[in-house]
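Visitor: Pasting in a structure now, in structure tokens, and then I'll have a few things to ask.
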Ligand SMILES: NC(=O)c1ccc[n+]([C@@H]2O[C@H](COP(=O)([O-])OP(=O)(O)OC[C@H]3O[C@@H](n4cnc5c(N)ncnc54)[C@H](O)[C@@H]3O)[C@@H](O)[C@H]2O)c1
């Protein structure tokens, strides 16, 4: 197999999608396989994983069902990758999602669930994969954050914002600590993408179900006249996962059409 990830084994979490189209994890799994990686595609939703496999045009994507907020299932996920492919060279911690609400509104359960799915799941992934990567002599971890972890992005979702800010610093600290073992840890920071999540969840949360109104409000914030989607996140993750990024660790690639650079 040739390609930018030829010979590598990758685990991608959240590799399904909440609807038809290019979610971040789905696009990443398909692109990584096309670029030569053998991919363990992980999701709690087996049907969503099956839909991802339908889109694979080249290479190997093996589905694995797991809930990555459960530490035992994250342990089993990494063990499954090693059993199937012999090692793990790349881990993309992609699972996450937002719930609306500010500090005076969120109940305990929602706050904790936001930290679990957006931050703790990425921590579990790092904890399980680092020993494997150390034994292998190196690896690359790519965590998926959000521009909500950097800026106010148009609505209160404080649990999500705090968790995604945590993902960025989880990556930086882990990068510095394990650099001597040639484990690189970086973050992709997507902005407001048109992924299936917009239709499946966000329009209901933010715009009374009006998808067009939500998309228009999001486009108005973005300098580039382009609708980003999961494939844009996947391209950034591909670079960070590949040996092209051999001197890149502890940093972020913001994929947002220029939104966070703007201040009007
Ligand atoms: N879509 C965007 O505009 C956008 C913007 C910024 C950041 N992000 C981030 O990108 C990542 C992916 O977002 P998306 O919108 O592409 O994903 P998505 O909402 O389509 O979900 C992808 C998959 O994650 C799975 N999943 C959810 N919880 C899980 C769990 N506990 N264990 C295993 N699988 C689980 C779902 O079943 C789904 O198939 C998230 O971390 C999200 O916060 C998305």
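Derivation of every value follows stated rules applied to the coordinates shown; laboratory data play no part. Because the structure is a prediction, the values reported are computed rather than measured. For neighbour counting, all protein chains shown are included, and Cβ atoms are generated from backbone atoms with ideal geometry for every residue, glycine included.
Visitor: Once the Cβ-Cβ distance between residue 1 and residue 201 is put in as r, and R0 is 51 Å, what FRET efficiency do you end up with, to the nearest 0.05? Mind dumping the intermediate values first?
Guide: Details: r = 36 Å, r/R0 = 0.70.
E(calc), rounded to 0.05, equals 0.90.
Visitor: Then there is this: Using only the alpha-carbon atoms, how far is helix 230-241 inclined from the longest principal axis of the chain? Give it as 0 to 90 degrees, nearest 10.
Guide: With rounding to tens, the tilt is 40 degrees.
Visitor: Taking 0.36 nm per residue of sequence separation and subtracting the Cα-Cα distance, how much length would be gained by fully extending the chain between residue 248 and residue 87, in nm to one decimal? Don't jump to the answer; show the numbers that get you there.
Guide: On the way: separation 161, 0.36 × 161 = 57.96 nm, distance 2.19 nm.
Fully extending the segment from residue 248 to residue 87 adds 55.8 nm.
Visitor: A further question on this structure: State the extension gain, in nm to one decimal, for the chain segment bounded by residue 224 and residue 260, taking 0.36 nm per residue of separation less the distance between their alpha-carbons. Don't skip to the answer; put the middle values down first.
Guide: Details: separation 36, 0.36 × 36 = 12.96 nm, distance 1.18 nm.
Working it through step by step, the gained length comes to 11.8 nm.
Visitor: Quick one: check the C-alpha center-to-center distance for the stretch 226-251 versus the stretch 12-91, whole angstrom.
Guide: 17 Å
Visitor: May I pose another question? Helix 121-136 versus the longest principal axis of the chain: what is the Cα-based angle in degrees, 0 to 90, to the nearest 10?
Guide: Relative to the chain, helix 121-136 is tipped by roughly 20 degrees.
Visitor: Can I ask one more? How would the stretch 45-101 be classified by its alpha-carbon gyration tensor: rounded, prolate or oblate, with rounded meaning a/c under 1.5 and the a/b versus b/c comparison settling the rest? Working shown, then result.
Guide: On the way: a/c = 1.97, a/b = 1.19, b/c = 1.65.
Verdict is oblate for the stretch 45-101.
Visitor: While we're on this one: Hey, could you pull the Cα Rg and Dmax for the stretch 9-254, both in Å?
Guide: In Å, with Rg to one decimal and Dmax whole: 17.0, 51.
Visitor: Right, next: Build a GNM of the chain with springs between Cα atoms under 10 Å: which of 141, 183, 253 gets the top mean-square fluctuation?
Guide: Judging by the Gaussian network model, the answer is 253.
Visitor: With the chain treated as a Gaussian network of Cα nodes joined by springs under 10 Å, which of 90, 18, 30 yields the largest mean-square fluctuation?
Guide: Of 90, 18, 30, the most mobile in the Gaussian network model is 18.
Visitor: Using a 7 Å offset from the Cα along the Cα-to-Cβ direction at both residue 177 and residue 135, what is the distance between the two label points in nm, to one decimal?
Guide: It works out to 2.0 nm between the two label points.
Visitor: Per DSSP helix of 4 or more residues, -39500 (n - 2.57); summed, then divided by the residues of the chain. What does that give at 222 nm, rounded to the nearest 500?
Guide: Working: 9 runs with 106 residues, N = 264.
The helix contribution divided over the chain gives -12500 deg cm²/dmol.
Visitor: Another question about this same structure. With a 10 Å radius around each residue's Cβ, average the other Cβ atoms per peptide and rank 166-176, 31-41, 117-127, highest first. Don't jump to the answer; show the numbers that get you there.
Guide: Numbers: 166-176: 18.6, 31-41: 25.9, 117-127: 23.0.
Top of the packing list down: 31-41, 117-127, 166-176.
Visitor: Between 67, 57, 45, where does the largest GNM mean-square fluctuation fall for the chain, given springs only between Cα atoms within less than 10 Å?
Guide: 57
Visitor: Any chance you could run the full-extension gain for residue 211 through residue 116? It's 0.36 nm times the residue separation minus the Cα-Cα distance, nm to one decimal.
Guide: 31.4 nm is the gain from fully extending residue 211 to residue 116.
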